[in-house]
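Report on one structure; see the data block that follows.
The values are calculated or read from the model by the stated rules, or taken from the named source; none is laboratory data. Because the structure is predicted, anything quoted here is derived from the model rather than measured. Cβ placement follows ideal geometry from the backbone for every residue including glycine, while neighbour counts extend to all protein chains displayed. All accessible areas refer to the heavy atoms of the entire protein, side chains included, with ligands and DNA or RNA removed. Shrake-Rupley method; radii C 1.70, N 1.55, O 1.52, S 1.80 Å.
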There are 2 protein chains.
Amino acid sequence: MHQLLGRLIVPAFRNRYLDAQHDAAVLDVGGVRIAFTTDSYVVRPAFFPGGDIGTLAVNGTVNDLAMSGARPVWLSAAFILEEGFPIESLRAVLGSMQAAARTAGVEIVTGDTKVVDHGKGDGIFINTAGIGLVEHSLEIGPLSVRAGDAVLLSGDIGRHGIAIMAAREGLGFETEILSDTAPLDGPVAALLAAGVDVHCLRDLTRGGLASAVIEIAEAANVAIGLDERSIPVDTVVQGACEVLGLDPMYVANEGRFVAFVGERDGERALAALRAHPGAAGACRIGTVQGARPRQVTLRTAIGASRIVEMFSGEQLPRIC
Amino acid sequence: MHQLLGRLIVPAFRNRYLDAQHDAAVLDVGGVRIAFTTDSYVVRPAFFPGGDIGTLAVNGTVNDLAMSGARPVWLSAAFILEEGFPIESLRAVLGSMQAAARTAGVEIVTGDTKVVDHGKGDGIFINTAGIGLVEHSLEIGPLSVRAGDAVLLSGDIGRHGIAIMAAREGLGFETEILSDTAPLDGPVAALLAAGVDVHCLRDLTRGGLASAVIEIAEAANVAIGLDERSIPVDTVVQGACEVLGLDPMYVANEGRFVAFVGERDGERALAALRAHPGAAGACRIGTVQGARPRQVTLRTAIGASRIVEMFSGEQLPRIC
């Protein structure tokens, strides 16, 4: 996927926005900066503990806007329905979208619906695109990352991926794991309101924490050091990962992000995040160590040090 | 489809933008008006005479922006690929998108790719969302339609639908019918540059000319009279429609639109349209007859008069 994107699609449309390798393009409209992003949602199953495809479709796009430092304002919603998808399920998904939009303070202002024949889809696919307003003068993105930056994580990792796996495989754990799907515009607004020198934000979706941090190291051309002991993983999630043979560092999240902030702002940023319910479990997990080599090093619980590699296989398909 | 949208999805997200029942939402960004729209493309087959799903995905969204009177500027592109979709086909689609974007003068600035398992998609689905700039002070939309307005059509109808049907059913006609897929921002810009008092624009996609005009009559609460003899249909398209049992009034187009303009501006608007290669065959096809009854009447070739009904069955699924 990452390879397909990198090798084929990005070069086909090459321009300065795609070159920024960011979740959203930041565009100038008569002197006002807007962010613009899109994602299609094909999660299987469409309903899972803690949410459904509608919750994801709103929160995911809200989060891509928030990660560019924009305040999410308007969303589009486009549905591809497979013939026979139950009207009651569609109604439930629409209700989830409405509720999620209300929570994030966005309006769904335009849309589309297509129906494909039975066997040519999978119940429901949703695309949302979003527009947000950039209301500050920071340049938030991988190219603003600097040596010395504090690397912050907004909460514990792995919940969404494990919730999906459990729903898919019919697994039961001692405690049900709910997806962490949530809008991240609030925690980001808290950082900005506190005047934190935010350099880069990235939500930890497909590929999890590891992939997000590696992508940033590569795009920013820096070395990043993480400390495994500081990365929170719920014990039930940890146990499920062990049973399933997964590394929580690579498991998808839908309500967690990393923030790279100026080295003097680490504590202030943590305080701002922790004061918001969507990032109450925020913690510092590492430091940008310098320009080159562009790689991520993890200091493990037993004190060893290893390079974090981009996951090479397909770990969890259709997680969002 | 129209019913599903009307009954379920629009009320779920009810707001002033969706209530305008327009192809795009017009939004205010710091005093600048932008248009925002989305469409998913699921056309079958993905390659057809005159274009492919990539051409459609760019032109269709460009046209939705143009129909709101906006100059299309930025597009997103999101792909849902079925496992096994040939890389060479993807490359061809990307090439078509690039070419269409260049022609329409838009940039594809953000994107997404998802892969679904074999049997859970149909080769390739594409969603494009678009942003355009509204650079005039007109309110273009059904609510601006007035009694006396001239109804103009930008060219002959039915080519796209027949091209798709021919490709799908392996039909051969004496002359190959090519899809009319084309960007409509140029003809719209020509109307605006000529200072025409443009009231409403609508491209004639799914459901064709008849559905577009009926939708406008209903949204604007007016009666509209059309003259069948003035509606151009290519003789090969007409013949194909007869063989296939289709009425060209209901067949999809991807490069044609109707313009409702102030009654004194009809001739000037026609001149402006005809001077543009994308609307060289423009002609006047009718008049808005007054407030109520909100229906469309067609004066037929033999001089009779009949009410144009919304097509009730599913005529041509997956036409775009």
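The set of residues in the stretch A:202-231 being under 15 Å from residue A:284 (Cβ atoms), of a type in the set (A, V, I, L, M, F, W, C) and part of a strand (DSSP E or B) consists of A:224, A:226. Taking residue B:105 as the residue in question, decide whether it is assigned by TED's automatic domain parsing to the domain that holds residue B:39, touching a residue at least 40 places away in the same chain (Cβ under 8 Å), of a type outside the set (Phe, Trp, Tyr) and surrounded by fewer than 20 Cβ atoms within 10 Å (Cβ to Cβ). Answer is yes for this residue. Filtering the stretch A:120-134 to residues that are outside any strand (DSSP E or B) and either more than 7 Å from chain B (Cβ to nearest Cβ) or touching a His at 6+ places or on another chain (Cβ under 7 Å) (or both) leaves only A:123. Would a scan of the stretch B:135-149 turn up a residue that is assigned by TED's automatic domain parsing to the domain that holds residue B:273 and in a strand (DSSP E or B)? For the stretch B:135-149, residues assigned by TED's automatic domain parsing to the domain that holds residue B:273 and in a strand (DSSP E or B): absent. Checked against (1) among the hydroxyl-bearing types (Ser, Thr, Tyr); (2) open to solvent by 10 Å² or more (accessible area, probe 1.4 Å); (3) touching a residue at least 40 places away in the same chain (Cβ under 8 Å), residue A:137 passes all but condition (3). Where strands (runs of 3 or more DSSP E) fall wholly inside the stretch B:249-318, the ranges with 2 or more residues that are within 27 Å of residue B:164 (Cα to Cα), in contact with a Lys or Arg (Cβ under 9 Å, 6 or more places away or on another chain) and not basic (Lys, Arg) are B:257-261. Checked against (1) farther than 30 Å from residue B:40 by Cβ; (2) among the hydrophobic types (A, V, I, L, M, F, W, C); (3) surrounded by fewer than 18 Cβ atoms within 10 Å (Cβ to Cβ); (4) touching a Ser or Thr at 6+ places or on another chain (Cβ under 9 Å), residue B:298 meets all criteria but (3).
Looking for something touching a residue at least 60 places away in the same chain (Cβ under 8 Å), closer than 29 Å to residue A:193 by Cα, surrounded by 16 or more Cβ atoms within 10 Å (Cβ to Cβ) and not acidic (Asp, Glu) - is there at least one such residue anywhere in the stretch A:78-100? Checking the stretch A:78-100: at least one residue is touching a residue at least 60 places away in the same chain (Cβ under 8 Å), closer than 29 Å to residue A:193 by Cα, surrounded by 16 or more Cβ atoms within 10 Å (Cβ to Cβ) and not acidic (Asp, Glu).
Being surrounded by 16 or more Cβ atoms within 10 Å (Cβ to Cβ), in contact with a strand residue (DSSP E or B) (Cβ under 8 Å, 6 or more places away or on another chain) and within 26 Å of residue A:178 (Cα to Cα) is true of residue A:231.
Residues are listed down the side, and each one gets a yes or a no for (1) touching a Lys or Arg at 6+ places or on another chain (Cβ under 7 Å); (2) among the small types (Gly, Ala, Ser):
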residue	(1), (2)
B:30	no, yes
B:43	yes, no
B:54	no, yes
B:71	no, no
B:86	no, no
B:92	no, yes
B:102	no, no
B:106	no, no
B:110	no, no
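Residue A:201 fulfils the conditions (1) surrounded by 22 or more Cβ atoms within 10 Å (Cβ to Cβ); (2) farther than 19 Å from residue A:231 by Cα; (3) of a type in the set (A, V, I, L, M) except for a single criterion, (2).
Of everything listed in (1) open to solvent by less than 10 Å² (accessible area, probe 1.4 Å); (2) of a type outside the set (S, T, N, Q); (3) closer than 24 Å to residue A:57 by Cα, the single unmet condition for residue B:69 is (3). Of all residues in the stretch A:115-130, those satisfying the criterion of being open to solvent by less than 10 Å² (accessible area, probe 1.4 Å) and not hydrophobic (A, V, I, L, M, F, W, C) are A:121, A:127, A:128, A:130.
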